[in-house]
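Scroll down for the structure; my scribbles are underneath it.
The values are calculated or read from the model by the stated rules, or taken from the named source; none is laboratory data. Just so it is clear, the model here is predicted, and its values are computed rather than measured. Reconstructed Cβ throughout: ideal geometry from the backbone, glycine too, with neighbour counts over all protein chains shown. Note: areas computed on protein heavy atoms with side chains; ligands, DNA, RNA excluded. Shrake-Rupley method; radii C 1.70, N 1.55, O 1.52, S 1.80 Å.
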Amino acid sequence: MNIAQHKTAVFLLFFSLMLISQAVFAQYGTVRGFVYEQESGEPVIFTNVYLQNTSYGSSTDVNGYFVISKIPAGNYLLLVTYLGFDTLKIDVSIKPDEIITRKLFLEKASYTLEQVQVTAEREEAQTETRTSVVKITPKQIKQIPTIGGQADLAQYLQVLPGVVFTGDQGGQLYIRGGSPVQNKVLLDGMIIYNPFHSIGLFSVFDTDILRNADIYTGGFGAEYGGRISSVMDITTRDGNKKRYSGKAGASTFGANLMVEGPIKKQTDNSEGSSSFILSVKNSYLEQSSETFYKYVDEDGLPFNYTDLYGKVSLLGSNGSKVNFFGFNYTDKVNDYRALSDFSWNSFGGGTNFVIIPGTSPILLEGRIAYSKYDITLNEENFPERSSSINGFNMGLDFTYFIGRDELNYGIEMLGFKTDYTFYNLVGTEISQVENTTELGVYFKYKLTAGKWLIEPSIRMHWYASLSNLSPEPRLAMKFNASDRFRMKAAMGLYSQNLISANSDRDVVNLFYGFLSGPDNLPDEFDGEDITHKLQKAGHLIFGVEYDLAKNLYVNLEGYYKNFSQLTNINRQKLYDENEYPGQPDILTKDFIVERGHAKGLDLSMKYDYNRFYFWTVYSLGYVLREYEDAKGNIREYNPHYDRRHNVNLVGTYIAGKKYDWEFTARWNFGSGFPFTLTRAFYPLISFMDGIYTDYTRVNEELGILYDDLNGGRLPTYHRLDLGIKKKFELGRYSNLEIIGSVTNVYDRENVFYRDRVTGETVYQLPIMPSLGASITF
């Protein structure tokens, strides 16, 4: 079948689905719309919308959109309930084959939180499969100690089940055995290639402009493709549609500013509106550390970054919306320890939209975006490394709401160019310039059958540069055994083309270069032919949810990820395969094939009521990789992020009659990471002039004989952070917050790395107090 026939088949299938759905809806009525905050015009997400004294209801999505379909004709009372807002009640009259669209506005409640506790969490737990996914809001991010006086998504991600964080300086997040390049990060539908700064306490995202973040640690549905481990889907909020406002803050680490306001004000009538929001934050730690943190390092802490993000939102009279956005994120480390210079720059922009057709029960969402990421690293004893990736992604998603069921399908296309240069441990250059195009089509159906939720889906992903079609079936299920006890499962197949080129023996693992799937792979692995160039994985997850009490929830999940084929940079390449055709692949190929698995158990418990919030997480994990050595033997090793035990305890208490004091604490414990031991030192002659080298005259270098890869273990890691916040009301819309925090309260000496040559032990950040203030207006 040629490309034209493929397109015709896809079009006919989409058209048939639309006709079938139209026929189903013709027998009933539908009410749909958006729920907004009256004060700001911001959508109200994940709130309950239902018809009183019936079983018909729904929850709003990340855009504040809801649909209640297949409603018998009649008169009903529509209710909207949400924590901290007055319950909204309106009369609706449902007629057959009619779609009613409403824009609903919620007023803030006049009573305090002590008098009401309404939440959609339990309703969502019974109507969504929610296997290996955590939904994060700015409120939750601010419930842990704010390191440096700035609440940040990176700090909250570190306390999630299955997430391993490798350090304060140059740390990365590893999710259930997957490396950072195996984690897809989306911001408003746009691909972000590096979401974290070199000082691992901060991400590129400003918490004050976030609406929601969905973190999928495994088993995600067919709407996501191109990654084999996890997904972070982050959505920013719109600007204030009613008035001009903002927030400015500064601390001993950095400063931030956010401004927003209407371009055309939103009203309660059917007219459209528009707004803007602009955020900028930066770090001046390199300068402030010379005053406040000189004891940490005599040369200071030269971590610098600047993050810019802007967005314009245009809202139609029926709730349809289009956003235009752009960003520029930069990071730079100047002459720090083993690094002489490190920097990266990322920028991009795009648009996304939500369309509500007037006479059709469909929800149409789309996006088109472009982004670029450049990174450069200079080290004292190695040549420069550089990497660049740039490209576009676009997609359309269609959703039909069929009573309590949902039908989703869509198409996605992306293209990118990678340009990479790297020198391995013996000085052999490895470089690649590649253009890649990918196309994905998916279908997903959520079926509600009694106590069962069944969500089958399939994705067909075409990798044009590799001429490879990857069919990826997936399935998620939940059984509501009772109102308090639920069982769930998820499984699926996944693939990706992107790989990362970094060495497990890097002293400071800051550099993450990107390459598309290479052709220069070995022909065999473990005696079997290699039939494709993709990285592939299969996920299997089982779990239970139990509500111990009204506000006390327990979640337990066991997982297994089978990485059946992985592509890695070949650290042992010595020869050009064209010049030395008889040498083993391990000595001539730029890349090698590996395989492995990750398995573990994640237990979390959350208590959230009134003034108290408590969150505890325990993770047990095993990560193993296998590769083939020069003799054809399969060798095993644990990657450097394999942490056996990880514990996080988080607590928050809100005090004061006006709820204006907040106390937070977080304690983290982690067993030691693997590292490669040094077996011996020896005099090394590099023979730079080949056979003409006079070994009696050249200067010897220090050679290192390594032990088995990652055969040793660092000491355990643990750290206590405390925070305090005081809020002062300055006016109706203005308040001042003073934030104090102490990182590593008892000054634990957690090992960062040991210098092989000097024997010096370098530690993670010591005790670091910080103070900050912010004002909203």
Looking at this structure, is Leu278 under 27 Å from the mean Cα position of the chain (by Cα), open to solvent by 20 Å² or more (accessible area, probe 1.4 Å) and of a type in the set (A, V, I, L, M)? yes
Among (1) modelled with pLDDT under 95; (2) assigned to a loop (DSSP other than H, G, I, E, B); (3) not small (Gly, Ala, Ser), Arg227 falls short only on (1)
Which pairs have Cβ atoms under 6 Å, sit 6 or more apart or on different chains, and link a residue in the range 215-226 that is touching a residue at least 40 places away in the same chain (Cβ under 8 Å) to one that is of a type in the set (A, V, I, L, M, F, W, C) and surrounded by 22 or more Cβ atoms within 10 Å (Cβ to Cβ)? Ile215/Met232; Tyr216/Val231; Thr217/Ile175; Gly218/Ile541; Gly219/Ala490; Gly219/Ile541; Phe220/Val231; Tyr224/Val231
Where residues in the range 638-689 are surrounded by fewer than 16 Cβ atoms within 10 Å (Cβ to Cβ) and acidic (Asp, Glu), which of them is modelled with the highest pLDDT? Asp660
Only residues that are over 30 Å from Ser671 (Cβ atoms) and open to solvent by 40 Å² or more (accessible area, probe 1.4 Å): list them for the range 705-730, please. Ile724, Lys727, Phe728, Glu729, Leu730
How many residues, within the range 543-586, are under 30 Å from Pro522 (Cβ atoms) and modelled with pLDDT under 90? 20
Check off (1) surrounded by fewer than 20 Cβ atoms within 10 Å (Cβ to Cβ); (2) out of contact with any strand residue (DSSP E or B) (no Cβ under 8 Å at 6 or more places or on another chain) for Phe542 and give me the number that stays unchecked. (2)
Please return the ranges of strands (runs of 3 or more DSSP E) entirely within the range 251-338 where 2 or more residues are among the hydroxyl-bearing types (Ser, Thr, Tyr). 273-284, 303-315, 321-334
Mind checking which pairs have a first residue in the range 477-490 that is within 19 Å of Asn551 (Cα to Cα) and in contact (Cβ under 8 Å) with a residue 60 or more places away in the chain and a second that is part of a strand (DSSP E or B) and aromatic (Phe, Trp, Tyr), Cβ under 8 Å, 6 or more apart or different chains? Asn480/Trp452; Arg484/Tyr546; Phe485/Tyr546; Arg486/Phe479; Arg486/Tyr546
Quick check on the range 394-406. Is at least one of its residues touching a residue at least 60 places away in the same chain (Cβ under 8 Å), more than 30 Å from Arg756 (Cα to Cα) and surrounded by fewer than 18 Cβ atoms within 10 Å (Cβ to Cβ)? yes
Just wondering, is there one or more residues in the range 51-58 that are open to solvent by 70 Å² or more (accessible area, probe 1.4 Å), modelled with pLDDT of 80 or more and at positive phi? yes
Does Gly391 count as assigned to a strand (DSSP E or B), in contact (Cβ under 8 Å) with a residue 12 or more places away in the chain and within 21 Å of the chain's Cα centre (by Cα)? yes
Given the conditions (1) buried (at least 22 other Cβ atoms within 10 Å of the Cβ); (2) in contact with a Leu (Cβ under 9 Å, 6 or more places away or on another chain), and given that Leu315 satisfies all but one, which numbered condition is not satisfied? (2)
Go through Tyr607, Tyr553, Tyr613, Tyr560 for me and flag whichever is farther than 19 Å from Gly632 by Cβ, aromatic (Phe, Trp, Tyr), open to solvent by 40 Å² or more (accessible area, probe 1.4 Å) and in contact (Cβ under 8 Å) with a residue 40 or more places away in the chain. Tyr607
Residue, most open to solvent (accessible area, probe 1.4 Å), within the range 752-777, restricted to residues that are at pLDDT below 90 and assigned to a strand (DSSP E or B): Arg754
Residue within the range 617-624 that is part of a strand (DSSP E or B), open to solvent by 50 Å² or more (accessible area, probe 1.4 Å) and not aliphatic (A, V, I, L, M) present: yes
Flagged in the range 371-403 as at pLDDT 90 or above and in contact with an Asp or Glu (Cβ under 6 Å, 6 or more places away or on another chain), in numbering order, are Ser388, Gly395, Asp397
Examine the range 18-40 for a residue that is surrounded by 19 or more Cβ atoms within 10 Å (Cβ to Cβ), at pLDDT below 90 and in contact with a helix residue (DSSP H, G or I) (Cβ under 7 Å, 6 or more places away or on another chain), and state whether such a residue exists. no
So, in the range 323-376, of the ones that are hydrophobic (A, V, I, L, M, F, W, C) and open to solvent by 40 Å² or more (accessible area, probe 1.4 Å), which residue ends up nearest to Ser274 (Cα to Cα)? Phe324
Working only within the range 123-163, note down all residues that are open to solvent by 20 Å² or more (accessible area, probe 1.4 Å), assigned to a loop (DSSP other than H, G, I, E, B), of a type outside the set (Val, Ile, Thr) and touching a Leu at 6+ places or on another chain (Cβ under 8 Å). Glu128
Which listed residue, of Ser495, Ser470, is crowded, with 16+ Cβ neighbours inside 10 Å, in contact with an Asp or Glu (Cβ under 7 Å, 6 or more places away or on another chain) and closer than 24 Å to Ile192 by Cα: Ser495
Go through (1) of a type outside the set (Phe, Trp, Tyr); (2) open to solvent by 30 Å² or more (accessible area, probe 1.4 Å); (3) touching a residue at least 40 places away in the same chain (Cβ under 8 Å) for Leu453 and report which single condition fails. (2)
Please go through (1) surrounded by fewer than 22 Cβ atoms within 10 Å (Cβ to Cβ); (2) touching a helix residue (DSSP H, G or I) at 6+ places or on another chain (Cβ under 9 Å); (3) within 25 Å of Leu498 (Cβ to Cβ) for Gly249 and return the number of the only condition it doesn't satisfy. (3)
Residue list for the range 224-246, restricted to those being open to solvent by 10 Å² or more (accessible area, probe 1.4 Å) and either β-branched (Val, Ile, Thr) or within 23 Å of Ala598 (Cβ to Cβ) (or both): Tyr224, Arg227, Asp233, Thr235
Within the range 416-427, can one find any residue that is open to solvent by less than 20 Å² (accessible area, probe 1.4 Å) and not in a strand (DSSP E or B)? yes
Would you confirm whether or not the range 350-370 contains a residue that is under 20 Å from Gly200 (Cβ atoms), modelled with pLDDT under 95 and outside any loop (DSSP other than H, G, I, E, B)? no
Among the candidates Leu77, Leu113, Leu13, which residue alone is out of contact with any helix residue (DSSP H, G or I) (no Cβ under 8 Å at 6 or more places or on another chain), modelled with pLDDT of 90 or more and either open to solvent by 80 Å² or more (accessible area, probe 1.4 Å) or of a type in the set (A, V, I, L, M, F, W, C) (or both)? Leu77
Note down all Cβ pairs under 6 Å where the first residue falls in the range 642-669 and is farther than 21 Å from Leu552 by Cβ, the second is of a type in the set (Gly, Ala, Ser) and assigned to a strand (DSSP E or B), and they're at least six residues apart or on different chains. Arg643/Gly670; Asn646/Ser619; Asn646/Gly670; Trp661/Ala655
